[in-house]
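Presented below is the structure to which this report refers.
Please treat every number below as a calculation from the coordinates, not as lab data. This is a predicted model, so every value here is computed, not measured. Note: ideal-geometry Cβ built from the backbone for every residue, glycine included; neighbour counts use all protein chains shown.
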Amino acid sequence: MSTAFVDFKDVWLAYNEELLAQEQFAVEAIDLQVRQGEFIAIVGPSGCGKSTFMKLATGLKMPSRGSIQIDGQPVTGPLKISGMAFQAPSLLPWRTTVDNVLLPLEIVEPYRSQFKQRRPEFEERARALLQKVGLGGYEDKFPWQLSGGMQQRASICRALIHEPKLLLLDEPFGALDAFTREELWCILRDLWTEQRFNVILVTHDLRESVFLADTVYVMSKSPGRFVVRREIDLPRPRELEITYTKEFTDVVHELRGHIGALRKKGAEVAQ
């Protein structure tokens, strides 16, 4: 896997020097290789280190041990080639939808220095992206005029506007109702199918992970490590109807069994 786009080699992280001296790690022994264009999902019990893993993947945290390479380069700080979306859309309330989407182009080089002269071109790109996710007609509305699902669509557009090679999603649909969530699965599926950027999705929703991902990783309780790697061999493109088939639910139940076993083991250790 030397051609892996994301390559974690025996990565351990302690949050400070004192914890490192005590050998208390948030994540440990992480080996992970993500192929170019691959969509992976990470699931596991609460507090297992999923968000810590995301901080390592974005370069917001440096490993205590081991090495991380992304797109052939060692990670030494925050990545410019990544986009991120979280559970809370965090749109700026004083900016319109299109201006919120344009924000990364105003602050990230090489776009920042070209922003004023290329603004019409960038705005056209933002409006086209908003049209793709069903927000045509809402480009000039403010966040408080949008539903939660609409805000999250805008947040995904903001994460993709600078055409990142890597999209990191931390529970992006967790606060939405089931119908809106499934609608956004399909939007994300279509954007990924068209552009084939790499995706790392952290989620508690096993159905979401199986529907969207090529590969699902299960993380153990803290200190987090990957204990299961499950390739999802369901054919693409996947329609929502597949979520009602035996093939799909069998994979979901298998993953649920792994997480249930981890919880049981954690409870036994606590006693």
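At a glance:
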quantity	calculated
The range 182-222 versus the range 46-124: alpha-carbon centroid distance in Å	18
Over 23 Å [Cα-Cα, the range 80-182], rounded percent	21
Set LYS80/LYS132; LYS165/LYS264; LYS9/LYS265; LYS61/LYS246; LYS9/LYS132 screened for pairs whose C-alpha atoms are more than 29 Å apart	LYS165/LYS264; LYS61/LYS246; LYS9/LYS132
Folded to 0 to 90 degrees: helix 115-132 orientation relative to the chain principal axis, Cα	70
Label-point separation in nm, ARG112 to ASP177, each point 7 Å along Cα→Cβ	4.1
Footprinting exposure proxy for TYR111, TYR15 (fewest neighbouring C-beta atoms within 10 Å first)	TYR15, TYR111
DSSP beta bridges in the chain [antiparallel fraction, %, rounded to 5]	45
The range 85-181: trypsin sites (Lys or Arg not before Pro) falling in loop per DSSP and having at most 16 other Cβ within 10 Å	ARG95, LYS141
Net length gained if the chain between THR249 and GLU231 were fully extended (0.36 nm per residue, minus Cα distance)	5.0 nm
Span per principal axis, largest first, for the Cα atoms of the range 174-237 (Å)	34, 26, 20
The range 118-254: radius of gyration and largest Cα-Cα distance (Dmax), Å	16.3, 51
Proxy reagent accessibility, fewest Cβ within 10 Å first, across CYS157, CYS48	CYS48, CYS157
